[in-house]
Amino acid sequence: MVKLDRFNIDFDCNKSTPFFQSEPNYRIRFDIDKLENTTLQGLLNMIYDQNEEIEMIFISEYIINGKRISSKSNINKIITIKNWREIPVFDEETNEGVVYANIKRLKQSDVFNYCIAVKRGFREIYLSFFSDTYMVYVSSDVIDIISNDESKVNILKESYNELYDKHYETN
C-alpha cells in the first residue's frame with residue numbers, strides 16, 4: 001500500500017478504489033463511454049494546469065513466492081516513462097507483494113492519452129494520476145476525480161451537472 005496523504009487515500013490494489021475511500025463531497029465520477037474526447041479534454045483542462053506537475057502511480061510488478069513478475073502494463077506504449085521510482089510492498093508471511101511505480105513530471109496530455117487509450121480498449125491497469133489538488137483514477141468503466149478541496153469538486157459538479165454519475169451521491 002502507498003499512502004497518498006494529501007487525499008487521505010491508501011493506493012492499494014487489495015483495497016477499495018480511491019473513489020470509495022473518499023467522501024462524496026471530495027469526489028466526482030464519470031462513465032468513460034459517455035465522455036466525448038472534447039469533453040474529456042475540457043475536464044482535464046479544468047483540473048490540471050498545462051504546466052502543472054502531474055505524477056502517476058501504478059502496479060509495475062507482482063511479487064509471488066519471492067519472485068518479481070511484470071504486470072505487463074505496456075504503459076510505455078502510451079506515456080514516455082522517465083523519473084521512475086519503485087515502491088515495493090512485501091508481506092514476509094505470505095512471501096508475496098506488489099511493486100508500485102511512481103513517475104513524476106507528466107503532462108496533461110499524458111493523462112488524456114491514457115484515458116483515450118483505455119476508452120478504446122487498451123488493457124487497464126491499477127493506476128492513478130495526481131497533482132497537489134487532484135487525483136484521477138481511470139478504469140475501463142469510469143474516470144474518478146478526487147480532490148482535497150471540496151470547493152473544486154463543487155465547481156466540477158456544477159460544470160458537468162448533466163454528465164457526471166450521481167449514483168453514489170448522498171445528500
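Brief remarks follow.
- Flag for Asn148 being over 19 Å from the mean Cα position of the chain (by Cα) and either free of Cβ contacts under 8 Å to residues at least 60 places away in the same chain or surrounded by 17 or more Cβ atoms within 10 Å (Cβ to Cβ) (or both): no
- Matching residues, region 1-30, being within 17 Å of Ile125 (Cα to Cα) and at pLDDT 90 or above: Asp10, Phe11, Ser16, Thr17, Pro18, Phe19
- Unique residue being polar (S, T, N, Q) and within 14 Å of Leu44 (Cβ to Cβ) when the list is Ser73, Ser109: Ser109
- If the condition is being exposed (fewer than 10 other Cβ atoms within 10 Å of the Cβ) and either hydroxyl-bearing (Ser, Thr, Tyr) or part of a helix (DSSP H, G or I) (or both), then region 151-171 contributes Ser151, Glu158, Thr170.
- Filter pass, Lys152 being within 15 Å of Ile57 (Cα to Cα) and either in contact with a helix residue (DSSP H, G or I) (Cβ under 8 Å, 6 or more places away or on another chain) or among the basic types (Lys, Arg) (or both): no
- Residue ID - most open to solvent (accessible area, probe 1.4 Å), chosen from residues in region 22-40 that are in contact with a Phe, Trp or Tyr (Cβ under 9 Å, 6 or more places away or on another chain) and closer than 15 Å to Tyr134 by Cβ: Tyr26
- From the list Thr80, Thr133, the one residue that fits, being closer than 18 Å to Asp10 by Cα and over 12 Å from the mean Cα position of the chain (by Cα), is Thr133.
- Any hit, region 9-18, residues being polar (S, T, N, Q), over 17 Å from Ile146 (Cβ atoms), open to solvent by 20 Å² or more (accessible area, probe 1.4 Å) and not in a helix (DSSP H, G or I): yes
The values are calculated or read from the model by the stated rules, or taken from the named source; none is laboratory data. None of the values given here were measured: they were computed from a predicted structure. No Cβ is skipped: glycine too gets one built from the backbone with ideal geometry, and neighbour counts run over all protein chains shown. Accessible surface areas use protein heavy atoms only, side chains included; no ligands, DNA or RNA. Shrake-Rupley method; radii C 1.70, N 1.55, O 1.52, S 1.80 Å.
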